[in-house]
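Input: a single structure, listed below in structure tokens.
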Amino acid sequence: MGNARLNSDRYNILFEPVKIGPVTAPNRFYAAPHATGHGWNQPHGAIALRAMKAEGGWGTVAVQMTEISPDTDMASHPMERIWDDSDIPRHTAQVEAIKQHGSLAAIELAHGGMRARNINTGLSAIGPSNLPVLRPEVPTQAREMSLADIKAFRESHKSACIRAKQAGYDILYVYAAHDLSILSHFLSIRTNRRTDAYGGSLQNRLRLFKEVLQDTLEIAAGESAVAVRFSVAEPGVANGLTHDGEGRDVIEALAELPDLWDVNISGWSNDSATARFSEEGYQQPYTEFVKSVTTKPVVGVGRFTSPDLMVSLIKQGKLDLIGAARPSIADPFLPTKIQQGRIEDIRECIGCNICVSMDSYGLPIKCTQNPTISEEWRRGWHPEAPAISHKLQSHLIIGAGPAGLECAVTLARAGHKVTLADAASEAGGRVTKEARLPGLSSFIRVRDYRTQQLSTNPNADMYLESKMTADEVLSFDADTTVIATGAKWRNDLVGSTNFNARNTKAKILTPDDIMANAMAQQPPCSIVVYDDDHFYIASSIAEALAKAGHTVVYVTAMPTIATWTDHTLDQQRIIERMANLNIALYPNVIHNPDDEFCCTLTGKIIAIQHSIMVFVGARSPIADLYNQLVERSPTGIPQHLYRTGDCVSPGIIQAAVLSGHSVAQHILNVKQTPAKREQVALQI
């Protein structure tokens, strides 16, 4: 810690003010627009989340995609709205909360065009041409916009700009990114089949984009800054924009018009690629040319967490502002920690996209690293300030996995004495094991951040290789005991599609066996990885085994591969990776009670040769110690005994971290008030 503090001036360049047209950002940290899952009807949660980023030192805090009119209803994806004047008070409150901490407030005004569903409003989706909407699961088409429609759209955008200015936003966005904007759809030759002045040549396809930008500049009138958010490339998309083709041409054509360029790549799965398939700064090869084309400031993203890389990008003239969505979720106080020379205290994003997955459900975002996200208003949680505790106590925590570590950090930070014991030789539990699998190395950040926090806290002691019995726990002089002993993978073929335990002739291994190097000395053989968990573990294990020289077959009862990874945006990359490794893929195939594989669609038996089956299914909570302590209590579950994480109910790592934090908060404030709810007031 000492060296980092002494050398903190090396990051001074990150805290220089940046002029953005008529306004000035206090530093180079830019919290980019991203969905929070609160939407227009849960304003308190959204406001508190963004205010926390401002408090944490982000010089500019941007609001997510904000619908400008009823014909861009994004339905189950809760967005902000600025449809009419009744929306202004909510935005005014948001601006005030952001500016209270000295940050600039930006708003991403947008029309979803062929991405809008309008299911709630019942209006027709609109776009440049008569084509199906860009959501295959929605069986409807967009109506080709007439010249009158185009004029009406421009008027809607201007009206939204006026309202945004009235609310006090410093920066107004013209949004043309992620294939989520009507301006993108007019620009793209894939979606624009027009033959009039708005179609055909790039100049024509760019016409509406330029008109809206000029409209916005006129409304801004030199009082608010105008930003353009634009995806310069669409990697992997047939006939998509390229950074050395039309993407660059667009930047050159509009180079000096906006006050700020916010650049990225499209679509969303590219812009928010997981750490499994991308490194920090992965967008730079596509976006770094922009600084050479315009004199206006440029902000870019790329899951930036390293302050040294940030400084390098600024000094090399590749960016003026460091944009972040996911890193600002994982650690809203990242800028402050850099400024204070507390680099080791940064809660680094692990790129798992659990935050992104919540969008599929229309829910407020969650984060594996930051359990307080979306709970700032609802439960009054703060990512840095310790919970208020009027009585200091001592606590024994058994299990140094993600739940136990988070519980220990939260209690110790509040000034309580914490003793953490684990039977393993290293801390981290499941994250330490999983981080050794292909593509999952960033998971180790969950462990490393928390063990570092404990190692520098005088209130905390951690003992490894220290398995404790019920007698030892009962004799330990602690005010509370928390059991966080995790879970183990089952080997009896019980999973999400089968609840009956059964045997198979093949040798059964579990993910625990693979992560314990059970195959290290095994000569190449035929292996079935049977996925009845449907997240990332089975595919990563299949990848590891294939790279070790084994013949691997991936089998799942689901119709898709690694089904839940569709929500984290890396399903397609997982499929491509396994195909490149010659892993045979068998969806819609189940292992039946007759110890055979059969197609769930036809019932036909499928012969799959294998000598080993790696079964990835359900997990069993390791709750023996907890149960023994309960049994030895004459009054049932003692008030001072808690359990948390996977030993309660196995789930994802984010759920374990949240569970550990929740238990700690409960211990610190037993008289907790219920979580607040957003309520809609009826006007009678």
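The values are calculated or read from the model by the stated rules, or taken from the named source; none is laboratory data. These numbers come from a predicted model, not from an experiment. As a convention, Cβ positions derive from the backbone with ideal geometry for all residues, glycine included, and neighbour counts pool all protein chains shown.
Being among the small types (Gly, Ala, Ser), out of contact with any helix residue (DSSP H, G or I) (no Cβ under 7 Å at 6 or more places or on another chain) and more than 30 Å from Val553 (Cβ to Cβ) is the filter here, so list the residues in the range 612-635 that pass it.
First, pick out the residues of the range 612-635 that are among the small types (Gly, Ala, Ser): 617-618, 620, 623, 633.
So of that shortlist, the ones also out of contact with any helix residue (DSSP H, G or I) (no Cβ under 7 Å at 6 or more places or on another chain) come out as 617-618, 620, 633.
The one that is among the small types (Gly, Ala, Ser), out of contact with any helix residue (DSSP H, G or I) (no Cβ under 7 Å at 6 or more places or on another chain) and more than 30 Å from Val553 (Cβ to Cβ): Ser633.
Collect the residues in the range 68-85 that are over 22 Å from the mean Cα position of the chain (by Cα), acidic (Asp, Glu) and closer than 20 Å to Ser224 by Cβ, keeping them in residue-number order.
Answer for the range 68-85, where residues must be over 22 Å from the mean Cα position of the chain (by Cα), acidic (Asp, Glu) and closer than 20 Å to Ser224 by Cβ: Asp84, Asp85.
Quick check on this structure: which one of Ser374, Ser389, Ser394 is crowded, with 23+ Cβ neighbours inside 10 Å and over 17 Å from Ser278 (Cβ atoms)? Break it down stepwise before answering.
Details: Ser389 fails: crowded, with 23+ Cβ neighbours inside 10 Å; Ser394 fails: crowded, with 23+ Cβ neighbours inside 10 Å.
Answer to the selection: Ser374.
Do you know which of the residues in the range 503-526 that are in a loop (DSSP other than H, G, I, E, B) and among the polar types (S, T, N, Q) is surrounded by the most Cβ atoms within 10 Å (Cβ to Cβ)? Quick ask: steps written out before the conclusion?
Here is the first cut: in the range 503-526, the ones in a loop (DSSP other than H, G, I, E, B) are 503-506, 510, 516-525.
Now narrow it down to the ones that are among the polar types (S, T, N, Q): 503-504, 510, 517, 521-522.
Working: Asn503: 11, Thr504: 17, Thr510: 21, Asn517: 10, Gln521: 6, Gln522: 16.
My answer is Thr510.
With respect to the numbered conditions (1) touching a residue at least 60 places away in the same chain (Cβ under 8 Å); (2) among the hydroxyl-bearing types (Ser, Thr, Tyr); (3) over 29 Å from Leu545 (Cα atoms), which one is the sole condition not fulfilled by Thr485?
Failing condition for Thr485: (3).
Quick check: anything in the range 96-105 among the hydrophobic types (A, V, I, L, M, F, W, C), touching a residue at least 60 places away in the same chain (Cβ under 8 Å) and out of contact with any Gly (no Cβ under 6 Å at 6 or more places or on another chain)?
Looking for residues that are among the hydrophobic types (A, V, I, L, M, F, W, C), touching a residue at least 60 places away in the same chain (Cβ under 8 Å) and out of contact with any Gly (no Cβ under 6 Å at 6 or more places or on another chain), one finds at least one in the range 96-105, hence yes.
Can Leu134 be described as under 30 Å from Ala54 (Cα atoms) and modelled with pLDDT under 95?
Numbers: under 30 Å from Ala54 (Cα atoms): no; modelled with pLDDT under 95: yes.
No: the conditions fail for Leu134.
Restricting attention to the range 472-511, which residues are over 19 Å from Ala538 (Cβ atoms), of a type in the set (S, T, N, Q) and under 35 Å from the mean Cα position of the chain (by Cα)?
Of everything in the range 472-511, those that are over 19 Å from Ala538 (Cβ atoms), of a type in the set (S, T, N, Q) and under 35 Å from the mean Cα position of the chain (by Cα) turn out to be Thr480, Thr481, Thr485, Asn500.
What residue, of Thr372, Thr432, is at pLDDT 95 or above, outside the structural domain of Asp646 (by TED's automatic domain parsing) and within 24 Å of the chain's Cα centre (by Cα)?
Numbers: Thr432 fails: outside the structural domain of Asp646 (by TED's automatic domain parsing).
Only one candidate passes the filter, namely Thr372.
Quick one: which of Thr451, Thr456 is closer than 15 Å to Val409 by Cα, under 29 Å from the mean Cα position of the chain (by Cα) and either surrounded by 18 or more Cβ atoms within 10 Å (Cβ to Cβ) or assigned by TED's automatic domain parsing to the domain that holds Ser540 (or both)? I'd like the intermediate steps shown before the answer.
Working: Thr456 fails: either surrounded by 18 or more Cβ atoms within 10 Å (Cβ to Cβ) or assigned by TED's automatic domain parsing to the domain that holds Ser540 (or both).
Result of the check over Thr451, Thr456: Thr451.
Which condition does Asp271 not pass, out of (1) surrounded by fewer than 24 Cβ atoms within 10 Å (Cβ to Cβ); (2) more than 30 Å from Tyr536 (Cβ to Cβ), if it passes all the others?
Condition (2) is where Asp271 drops out.
Is at least one residue of the range 539-551 within 33 Å of the chain's Cα centre (by Cα), without any contact (Cβ under 8 Å) to a residue 12 or more places away in the chain and surrounded by fewer than 19 Cβ atoms within 10 Å (Cβ to Cβ)?
The answer is no, given that none of the residues of the range 539-551 is within 33 Å of the chain's Cα centre (by Cα), without any contact (Cβ under 8 Å) to a residue 12 or more places away in the chain and surrounded by fewer than 19 Cβ atoms within 10 Å (Cβ to Cβ).
Could you please find all residues in the range 141-195 being of a type in the set (Gly, Ala, Ser) and in contact with a Phe, Trp or Tyr (Cβ under 6 Å, 6 or more places away or on another chain)? Walk me through how you get there before you give the answer.
Pass one, the range 141-195, residues of a type in the set (Gly, Ala, Ser): 142, 146, 148, 152, 156, 159-160, 164, 167-168, 176-177, 181, 184, 188.
Passing the criteria: Ala176, Ala177, Ser181.
Out of the residues in the range 23-51 that are in contact with an Asp or Glu (Cβ under 6 Å, 6 or more places away or on another chain) and either in a loop (DSSP other than H, G, I, E, B) or at pLDDT below 95 (or both), state the one that is surrounded by the fewest Cβ atoms within 10 Å (Cβ to Cβ).
Trp40
For the range 631-660: of the residues being in a loop (DSSP other than H, G, I, E, B) and aliphatic (A, V, I, L, M), which is farthest from the chain's Cα centre (by Cα)?
From the range 631-660, those in a loop (DSSP other than H, G, I, E, B) are 632-640, 644, 648-652; that's our starting set.
With aliphatic (A, V, I, L, M) added as a condition, the list becomes 637, 648, 652.
Numbers: Ile637: 37, Val648: 25, Ile652: 14 Å.
The selected residue is Ile637.
Kindly indicate whether any position in the range 467-489 is modelled with pLDDT of 95 or more, charged (D, E, K, R), in a loop (DSSP other than H, G, I, E, B) and buried (at least 17 other Cβ atoms within 10 Å of the Cβ).
Checking the range 467-489: not a single residue is modelled with pLDDT of 95 or more, charged (D, E, K, R), in a loop (DSSP other than H, G, I, E, B) and buried (at least 17 other Cβ atoms within 10 Å of the Cβ).
Just for the range 91-121: of the residues that are closer than 29 Å to His185 by Cβ and surrounded by fewer than 17 Cβ atoms within 10 Å (Cβ to Cβ), which one is modelled with the highest pLDDT?
Here the residue is Thr121.
Would you check if there is a residue in the range 246-263 being part of a helix (DSSP H, G or I), β-branched (Val, Ile, Thr) and either in contact with a Pro (Cβ under 7 Å, 6 or more places away or on another chain) or touching a residue at least 12 places away in the same chain (Cβ under 8 Å) (or both)? Give the derivation first.
Pass one, the range 246-263, residues part of a helix (DSSP H, G or I): 246-254.
Then keep just the ones that are β-branched (Val, Ile, Thr); that gives 250-251.
Still in the list and also either in contact with a Pro (Cβ under 7 Å, 6 or more places away or on another chain) or touching a residue at least 12 places away in the same chain (Cβ under 8 Å) (or both): 250-251.
Looking for residues that are part of a helix (DSSP H, G or I), β-branched (Val, Ile, Thr) and either in contact with a Pro (Cβ under 7 Å, 6 or more places away or on another chain) or touching a residue at least 12 places away in the same chain (Cβ under 8 Å) (or both), one finds at least one in the range 246-263, hence yes.
β-branched (Val, Ile, Thr), within 30 Å of Gly222 (Cα to Cα) and surrounded by fewer than 24 Cβ atoms within 10 Å (Cβ to Cβ), is that true of Ile162? I'd like the intermediate steps shown before the answer.
Numbers: β-branched (Val, Ile, Thr): yes; within 30 Å of Gly222 (Cα to Cα): yes; surrounded by fewer than 24 Cβ atoms within 10 Å (Cβ to Cβ): yes.
It is true that Ile162 is β-branched (Val, Ile, Thr), within 30 Å of Gly222 (Cα to Cα) and surrounded by fewer than 24 Cβ atoms within 10 Å (Cβ to Cβ).
For a quick check of your reading of the model, give me the residue pairs whose first member lies in the range 199-222 and is surrounded by fewer than 21 Cβ atoms within 10 Å (Cβ to Cβ), whose second is of a type in the set (Ser, Thr, Tyr), with beta-carbon atoms closer than 6 Å and at least 6 apart or on different chains.
Taking only residues 6 or more apart or on different chains, the pairs are Asn204/Tyr198; Arg207/Tyr198.
Between a residue in the range 301-326 that is among the acidic types (Asp, Glu) and any residue that is part of a loop (DSSP other than H, G, I, E, B) and crowded, with 23+ Cβ neighbours inside 10 Å, which pairs come within a Cβ distance under 7 Å, given they are 6 or more apart or on different chains?
Note: pairs meeting the criteria are Asp320/Arg28; Asp320/Pro297.
Condition first: assigned to a strand (DSSP E or B) and either at positive phi or among the charged types (D, E, K, R) (or both). Now tell me which residues in the range 81-126 satisfy that. Give the steps one after another, and end with the answer.
Taking the range 81-126 first, the residues assigned to a strand (DSSP E or B) are 81, 104-110, 126.
The answer is Arg81, Glu108.
Any residue in the range 144-160 that is assigned to a loop (DSSP other than H, G, I, E, B), farther than 18 Å from Leu109 by Cα and in contact (Cβ under 8 Å) with a residue 12 or more places away in the chain? Full working, then the answer.
Taking the range 144-160 first, the residues assigned to a loop (DSSP other than H, G, I, E, B) are 145-146.
Pick out the ones that are also farther than 18 Å from Leu109 by Cα and you get 145-146.
This time we only want the ones that are in contact (Cβ under 8 Å) with a residue 12 or more places away in the chain, so: 145.
Within the range 144-160 (the criterion being assigned to a loop (DSSP other than H, G, I, E, B), farther than 18 Å from Leu109 by Cα and in contact (Cβ under 8 Å) with a residue 12 or more places away in the chain), the answer is yes, since at least one residue qualifies.
Could you say whether any residue in the range 248-265 is assigned by TED's automatic domain parsing to the domain that holds Arg326, in contact with a strand residue (DSSP E or B) (Cβ under 6 Å, 6 or more places away or on another chain) and surrounded by fewer than 22 Cβ atoms within 10 Å (Cβ to Cβ)?
Here is the first cut: in the range 248-265, the ones assigned by TED's automatic domain parsing to the domain that holds Arg326 are 248-265.
Narrowing further to those that are in contact with a strand residue (DSSP E or B) (Cβ under 6 Å, 6 or more places away or on another chain): 258-265.
Okay, now just the ones that are also surrounded by fewer than 22 Cβ atoms within 10 Å (Cβ to Cβ), so none.
No: zero hits.
What single numbered condition from (1) buried (at least 21 other Cβ atoms within 10 Å of the Cβ); (2) more than 19 Å from the chain's Cα centre (by Cα); (3) among the hydrophobic types (A, V, I, L, M, F, W, C) fails to hold for Ala62?
It fails just one condition, (2).
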